[in-house]
Amino acid sequence: MENDLSKKGHKYNCDNNIEEKDKKGAVKYLKQYFYPLQSSHILMVCKESFYTSCPEKSYITLHIQDVKTLYFNKLPTEVSKYWYKENEDIYTMVNEPFKPRFSGNTINVFAGFKHHEPRKIQEFSEKTLQALEMFKRYILDVLCSGDDKQLQYILL
């Protein structure tokens, strides 16, 4: 007797076995969206329309136990077994503005600068320029102990 899954083209049978090509497809799909991190968390790539808690970014991090409960416990045994026992891909998460999104086993989560075209200093109002000058004086006096070389280092 066929179950609803087999009618839809899924190849699962009653004892939760899955054909090898389906396992590879499932693993490939998971590797597109789930990245195990060194910190007992998983970075989950999400689509804006799918996951409402991250509309401004394309990922969230979840504790591995939460991911296991929410997602992986519902997968066929072979896929879960691969993910927890055979998968050796562990990633490091960094936040570096000028590095690529993926490099080896490093994921750069830098979302980009807010302003892609910075305004010229002359375009700001006099009030804003005065506030900027006051802040610059604070940096020089407090953070740089009056040393102009240190100020230039911080500002550039």
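Every number in this text was worked out from the coordinates using simple rules, so none of it is lab data. The structure displayed is predicted, hence computed values, not measured ones. Cβ: placed from backbone, ideal geometry, glycine included. Neighbour counts: every protein chain shown.
Here are some notes:
- Spin-label pair VAL94/ALA111, simplified geometry with 7 Å Cα→Cβ offset, distance in nm: 2.1
- Separation in nanometres of the label points that stand 7 Å from Cα toward Cβ, at SER40 and LYS127: 5.0
- Between amide H atoms placed 1.01 Å from N, distances below 5 Å from CYS144 occur with no residue 5 or more places distant or on a separate chain.
- A cut-off of 5 Å between modelled amide H atoms, ignoring neighbours fewer than 5 places along the same chain, links CYS46 with TYR59, ILE60.
- Under the Karplus curve 6.51 cos²θ - 1.76 cosθ + 1.60, θ = phi - 60°, whole-Hz ³J(HN,Hα) for the stretch 107-115, x wherever Gly or Pro sits: 10, 8, 9, 4, 8, x, 7, 5, 10
- Signed unit charges on C-beta, dipole axis of the stretch 64-156, positive-most listed residue ALA111, ALA131, VAL79: VAL79
- For TYR91, the residues whose modelled amide H falls within less than 5 Å of its own, excluding neighbours fewer than 5 places apart on the same chain, are LEU37, GLN38.
- Cross-linked pairs LYS23/LYS99; LYS74/LYS114; LYS114/LYS149; LYS99/LYS127; LYS23/LYS114: Cα-Cα separations exceed 30 Å for LYS23/LYS99; LYS74/LYS114; LYS99/LYS127; LYS23/LYS114.
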